[in-house]
1. Does Ala258 qualify as being crowded, with 20+ Cβ neighbours inside 10 Å and touching a helix residue (DSSP H, G or I) at 6+ places or on another chain (Cβ under 9 Å)?
2. Which residue is farthest from Thr125 (Cα to Cα), if the candidates are limited to the range 76-85 and must be surrounded by fewer than 21 Cβ atoms within 10 Å (Cβ to Cβ) and in contact with a helix residue (DSSP H, G or I) (Cβ under 6 Å, 6 or more places away or on another chain)?
3. Kindly indicate whether Thr104 is touching a helix residue (DSSP H, G or I) at 6+ places or on another chain (Cβ under 9 Å), more than 23 Å from Arg214 (Cβ to Cβ) and not in a helix (DSSP H, G or I).
4. Taking interchain pairs and intrachain pairs at least six residues apart, which have beta carbon atoms under 7 angstrom, with the first residue in the range 53-72 and of a type in the set (Ser, Thr, Tyr) and open to solvent by 40 Å² or more (accessible area, probe 1.4 Å) and the second in a strand (DSSP E or B) and at pLDDT 95 or above?
5. Mind telling me which of the residues Val268, Val294, Val302, Val289 ends up being out of contact with any strand residue (DSSP E or B) (no Cβ under 7 Å at 6 or more places or on another chain) and of a type outside the set (Ser, Thr, Tyr)?
6. Would a scan of the range 300-313 turn up a residue that is in contact (Cβ under 8 Å) with a residue 60 or more places away in the chain, under 30 Å from Gly172 (Cβ atoms) and over 20 Å from the mean Cα position of the chain (by Cα)?
7. Spot the failing condition for Gly335; the list is (1) free of Cβ contacts under 8 Å to residues at least 40 places away in the same chain; (2) not in a helix (DSSP H, G or I), and only one is missed.
8. Would you pick out the residues in the range 180-236 that are under 18 Å from Ala322 (Cβ atoms), open to solvent by 10 Å² or more (accessible area, probe 1.4 Å) and of a type outside the set (Gly, Ala, Ser)?
Amino acid sequence: MRHEFESRTASEPVWLNRWHPGSDAGAEAPHCSVRPWPGARARLAEDDPGTDSAFLDAVAQGLALPEKALPSACLWDEAGAELMARAAEHPDCYPTQREIALLTDVASEVATLVGPEPRILAFGTGSARGVDLLLAALDRPHPPEIVAPAGETPPGPEDGARPGGGLGLCLGATAGSLPPADLAAFLERARTVLGRGWLLVGIDPNGDTESLLRAHADDDGLMAALHLNILRRLARADGGAAPGQEGSDREGAGAPLAPEDFRHEARVLLDPFRVETHLVAERAGLLRVGREAVPFTHGESVRTGCAYRYAPGVFQEMAADAGWEPVRCWLDPEGLFSLHLLRGEA
């Protein structure tokens, strides 16, 4: 299946936006009170380097790849959550705001279609405000259960849940963080879990490169601070000097690298259409990860994020291939965000 934004020059970035850090001031992070199904915390924690040792292991593994790349969970310490909460309110960082606006308009229609007493499965961690909007509109919904987008299948509905009345929520950046093959696998898994139930998915179809770059590298530097916080977290978690760094030439290729030696960069790429965020070394040196030293050449980068864009028709075709019937597609007036309501086919 080819994406309508594909291009012949797949391996080269076609647009760039660069920003140097200014402030990492934080703001209150949103929260949502939900009930995980038994084992959900463990499943979600597998990809979440919440402790220093797990974080260092995740960074070391990502930097050992042929093309350096870190899992997005590395972003989410307390400071990262605070920065993301602040960025989500910035005019340039449109996805959360557009999704909330759409949910405000369509929540009652979703509730009418889904019916009373639905079991709620939240795939991933979407916007708390969005979940609250839906819960307020739904008729006697069961408490939300958090389910990892990939992994172990949750147990069946509890007593009192209406057969075929489940509603899966995949909101926020969850679906957009998945490349095509993984998104297809998620849709198939959700179909298995929900059966003849419903699935509401938030998808960013935006093809405007200027607004995409502003969203991922805003002029106020909030997204840059979020991604550069990985390096500050790395410095805080660091348990001593890496081998070979003591007494090294601080100006040469063996000099230790600090967060200030990297810049944040957003790139729009094609095949498939996506936005990648990178931290780019502005000089050669060694980045300390625990007791290891990882070399960087001047201009070498590590990918810290990737967000995929799916046009409505492309996503609906993928959903149909996974056994879903597209029932509704609500599109933001400016084409910056979409919501898809799917029903499991009989």
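The values are calculated or read from the model by the stated rules, or taken from the named source; none is laboratory data. What you see is a predicted model; the values in this text were computed from it and never measured. Using ideal geometry, Cβ is built from the backbone for each residue, glycine included, and neighbour counts are taken over all protein chains shown. Keep in mind that these areas ignore ligands, DNA and RNA; they rest on the heavy atoms of the full protein, side chains included. Shrake-Rupley method; radii C 1.70, N 1.55, O 1.52, S 1.80 Å.
1. It is false that Ala258 is crowded, with 20+ Cβ neighbours inside 10 Å and touching a helix residue (DSSP H, G or I) at 6+ places or on another chain (Cβ under 9 Å).
2. Ala79
3. no
4. Ser72/Gly305
5. Working: Val268 fails: out of contact with any strand residue (DSSP E or B) (no Cβ under 7 Å at 6 or more places or on another chain); Val294 fails: out of contact with any strand residue (DSSP E or B) (no Cβ under 7 Å at 6 or more places or on another chain); Val302 fails: out of contact with any strand residue (DSSP E or B) (no Cβ under 7 Å at 6 or more places or on another chain).
Step by step, each of Val268, Val294, Val302, Val289 is checked, and only Val289 is out of contact with any strand residue (DSSP E or B) (no Cβ under 7 Å at 6 or more places or on another chain) and of a type outside the set (Ser, Thr, Tyr).
6. Step one: list which residues in the range 300-313 are in contact (Cβ under 8 Å) with a residue 60 or more places away in the chain, which gives 300-313.
Subsequent filtering for residues that are under 30 Å from Gly172 (Cβ atoms) retains 301-313.
Still in the running and over 20 Å from the mean Cα position of the chain (by Cα): 313.
Yes, there is a match, as at least one residue in the range 300-313 is in contact (Cβ under 8 Å) with a residue 60 or more places away in the chain, under 30 Å from Gly172 (Cβ atoms) and over 20 Å from the mean Cα position of the chain (by Cα).
7. Result: Gly335 fails condition (1) only.
8. Result: Pro180, Asp182, Glu188, Arg189, Arg191, Thr192, Val193, Leu194, Arg196, Trp198.
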